[in-house]
Amino acid sequence: MDNVLKDIIDSPKLPDYVKELQQYLLQEEAKRNAFYENVRDDEKAEFINGAVIYHSPAKEKHNVVVGNLSYILSKFVREHKLGVIRGEKALVKLRRNDFEPDICFFRKEFSDSFKADTMFYPVPDFVAEVLSDSTEKRDRGVKFVDYAFNGVKEYWLVNTDQKSIEQYILENDAFILTEKVQHGTIRCRVLEGLEIPLDAIFDEDTNELFLKEMV
């Protein structure tokens, strides 16, 4: 049992704590429903711990990496009929929070049920977040914990300045760092057989050449 939870259970104030938590969760659920009603498809917004988080426009280096990695993953997934890759406008609905990952993969078992009007997506098998000054704290904090808690199998944190990728694999409801890749290739665990040269993720010309080699 979590130590914090044990302290609460052992406290004589337990009934009061439960009442306060129930009231808080009801208020949070009302805010979440309002978020669903008001969110627009022309803005990137997430619902995190009871608050709506709006994202500022991304820098070019961010867009280049998201595009390069998405092209590679999409081509591999389509050719092998493994499922679908979705981008940052796919709203992933978890038990408490709603995230829009930069890149995520859903295996065919789930993607076959997606419809033209699907708005809320289930837990992905793979998520990649490209770090920025405004998002890194969440990517390494609440998202890191929540993705693992909800069963995301593989999580990449992509650093555009260092041109590196931290690769995390799910073990016992927590992410374990397998390696920080700074050169050479990175092997995706969820998409078995896919090895990507790091340069193909950070450089558009190398990306184009690699995509041709994948044919």
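Things worth noting here:
- Shape category assigned to the stretch 1-49 from the gyration tensor of Cα positions, a/c cut at 1.5: oblate
- Listed cross-link partners 61/93; 59/212; 19/89; 61/89; 19/153; 31/163 are compared with a 30 Å cut-off, the Cα-Cα value being larger for 19/89; 19/153; 31/163.
- Max mean-square fluctuation residue, GNM over the chain, Cα-Cα springs under 10 Å, options 21, 131, 177: 21
- Exposure proxy ranking, count of Cβ atoms within 10 Å, fewest first, for 70, 11: 11, 70
- Counted by Cβ distance under 15 Å from residue 8, the other residues give a net charge of -2, where Lys and Arg count +1 and Asp and Glu count -1.
- Scattering profile of the stretch 97-176 at q = 0.23 Å⁻¹ [log10 I(q)/I(0), Debye over alpha-carbon scatterers]: -1.11
- Amide H contacts under 5 Å for residue 178, placed H, 5+ residues apart: 167, 168, 169
- Secondary structure note: in the chain, about 80% of the DSSP beta bridges are antiparallel.
- Residue 83 long-range amide H proximity, modeled H, under 5 Å: 108
- Dipole magnitude for the chain: computed about the Cα centre from +1 point charges on Lys and Arg Cβ and -1 point charges on Asp and Glu Cβ, it is near 400 debye.
- The Cα atoms of the stretch 1-86 define a convex hull whose projected area, averaged across directions, is 9.9 nm².
- For Cα extents along the principal axes in Å, the value computed from the atomic coordinates appears in the list (1) 42, 36, 34; (2) 70, 36, 25; (3) 65, 37, 35 under label (3).
- Of the residues 66, 118, 152, the one whose Cα sits farthest towards the positive end of the charge dipole of the chain is 118 (charges of +1 on Lys and Arg Cβ, -1 on Asp and Glu Cβ, taken about the Cα centre).
- Relative compactness, the stretch 151-212, computed as alpha-carbon Rg over 2.2 N^0.38 Å: 1.18
- The chain: most fluctuating residue of 171, 109, 28 per GNM, C-alpha cutoff 10 Å: 109
- Helix-only arithmetic for the chain: the sum of -39500 (n - 2.57) across DSSP H runs with n ≥ 4, divided by the residue total, places the mean residue ellipticity at 222 nm at -12000 deg cm²/dmol.
- Candidates 63, 97, 159, ranked by Gaussian network fluctuation over the chain, Cα under 10 Å, top entry: 63
Quick note: the coordinates plus some simple rules give every number you see, no bench work behind them. Since this is a predicted model, take the numbers as computed values, not measurements. Every residue, glycine among them, receives a Cβ derived from its backbone with ideal geometry; neighbour counts consider all protein chains shown.
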